[in-house]
1. Taking only the alpha-carbon atoms of the chain, what semi-axes of the equivalent ellipsoid follow from 5 times the gyration tensor eigenvalues under a square root, in whole Å, largest first?
2. To the nearest 20 debye, what charge dipole does the chain have about its Cα centre, counting +1 at the Cβ of each Lys and Arg and -1 at the Cβ of each Asp and Glu?
3. Any chance you could run the full-extension gain for residue 159 through residue 208? It's 0.36 nm times the residue separation minus the Cα-Cα distance, nm to one decimal.
4. How far apart, in nanometres, would the label points at residue 173 and residue 197 be if each is projected 7 angstrom from Cα along the Cα-to-Cβ direction?
5. Taking 0.36 nm per residue of separation and subtracting the Cα-Cα distance, what length does fully extending residue 44 through residue 4 add?
6. Based on the mean of other beta carbon atoms within 10 Å per residue, what is the order of 62-70, 145-153, 99-107, most packed first?
7. At 7 Å along the Cα-to-beta-carbon direction for both residue 278 and residue 72, put a label point, then send me their distance in nm to one decimal.
8. Ranked highest first by average number of other Cβ atoms within 10 Å, how do 272-279, 205-212 line up?
Amino acid sequence: MAQTWRCSGLRWSASGPVLAWDGGRHSALTWGKRVAFAVAEGGVRTCVGARGHACPLGAVVPGRGTGARCEECAWLDRAHSVAADTLADDPRPYRVYLAWFGPGMVKVGITGVARGPARLLEQGAVCFSWLGAGPLMAARRTEELLRAALRVADRIPYADKRVVRAALPGTGAERAAELAEVHGRAVALAGWPESLDREVFRPVDHVEVFGLAGAPAAFGEVSELVPGGVVSGELVAAAGPDLHLATKGGVVVLDTRFLLGWGLVPAEGRNFDVPVKALKALRGAGEGVGVQDGLF
């Protein structure tokens with residue numbers, strides 16, 4: 001019987017995307033690499049727990065969700081996060097950023113200074129610029145200021161991000177133009193917290209990092225994994241948690257968060273066979289590979 005592996009998520013390193021596995025192993029992902037795995041026959045998707053602890057219930061969770069947590073573990077995970085505003089006394093410095101995902105899709109957010117640009121890579125930001133840096137609550141107030149005064153979003157659905165990747169402007173300057181305009185309006189606002197240091201506009205473009213330049217457009221996305229289902233394709237691009245895989249039927253986007261909670265086995269030589277749905281219509285314009293290579 002083939003050994004079963006459990007994925008702990010997609011990570012972004014200096015050299016590109018890496019799949020992490022329970023037990024500490026990693027699989028580096030490079031353009032053109034064959035990605036092939038199957039969900040174990042008869043398996044169920046189980047809760048991944050929270051804050052480094054296993055789910056006390058060993059709960060079974062739905063295949064369609066990206067969180068892979070039961071209700072209790074999801075609450076525990078969020079209750080101790082910066083996003084939930086429960087860490088007001090966190091002494092670490094934070095940065096406010098503006099991220100651009102495509103025409104009309106600019107969001108504001110915060111991330112720890114120590115994390116560098118990792119958060120932007122994880123979200124699939126095509127282009128971004130830092131806006132300011134300072135204490136957590138000052139960063140949070142600045143984020144709220146932009147939402148209220150400029151109506152800048154603090155959340156953009158991944159389904160929308162996937163659609164616009166197929167039609168991004170061709171140059172870095174074009175991709176940074178909308179971001180520059182919002183950045184200029186943001187730094188001109190009154191009411192910034194005095195403890196937050198504003199930063200000049202320096203756009204960082206991720207099109208090459210994500211492999212999107214010249215990549216074929218995706219026609220669909222995996223809607224869920226199922227027992228016995230197979231994912232197999234050539235990696236042509238990646239952004240945030242998404243892998244763009246070239247299959248016999250065209251390019252399909254796999255949100256790697258669907259992998260969490262499943263037992264996975266090698267699927268070399270087997271054809272792609274999991275549910276796929278068409279990409280939604282856009283509402284507005286706008287470390288080493290090591291032994292883990294057995295799965296791929």
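The values are calculated or read from the model by the stated rules, or taken from the named source; none is laboratory data. Since the model is a prediction, treat every value here as computed from it, not as a measurement. Backbone-built Cβ (ideal geometry, glycine too); neighbour counts: all protein chains shown. Note: areas computed on protein heavy atoms with side chains; ligands, DNA, RNA excluded. Shrake-Rupley method; radii C 1.70, N 1.55, O 1.52, S 1.80 Å.
1. Values: eigenvalues 230, 111, 53 Å².
Its equivalent ellipsoid spans semi-axes of 34, 24, 16 Å.
2. Values: 33 positive and 30 negative charges, 60 e Å.
Using Cβ point charges on Lys, Arg, Asp and Glu, the chain gives about 300 debye.
3. Gain on stretching residue 159 to residue 208: 15.5 nm.
4. 3.1
5. 13.1 nm
6. Ranked from most to least packed, the peptides come out as 99-107, 62-70, 145-153.
7. With each label point 7 Å from Cα toward Cβ, the separation is 4.3 nm.
8. Working: 272-279: 15.9, 205-212: 19.0.
So the peptides 272-279, 205-212, ranked by packing, come out 205-212, 272-279.
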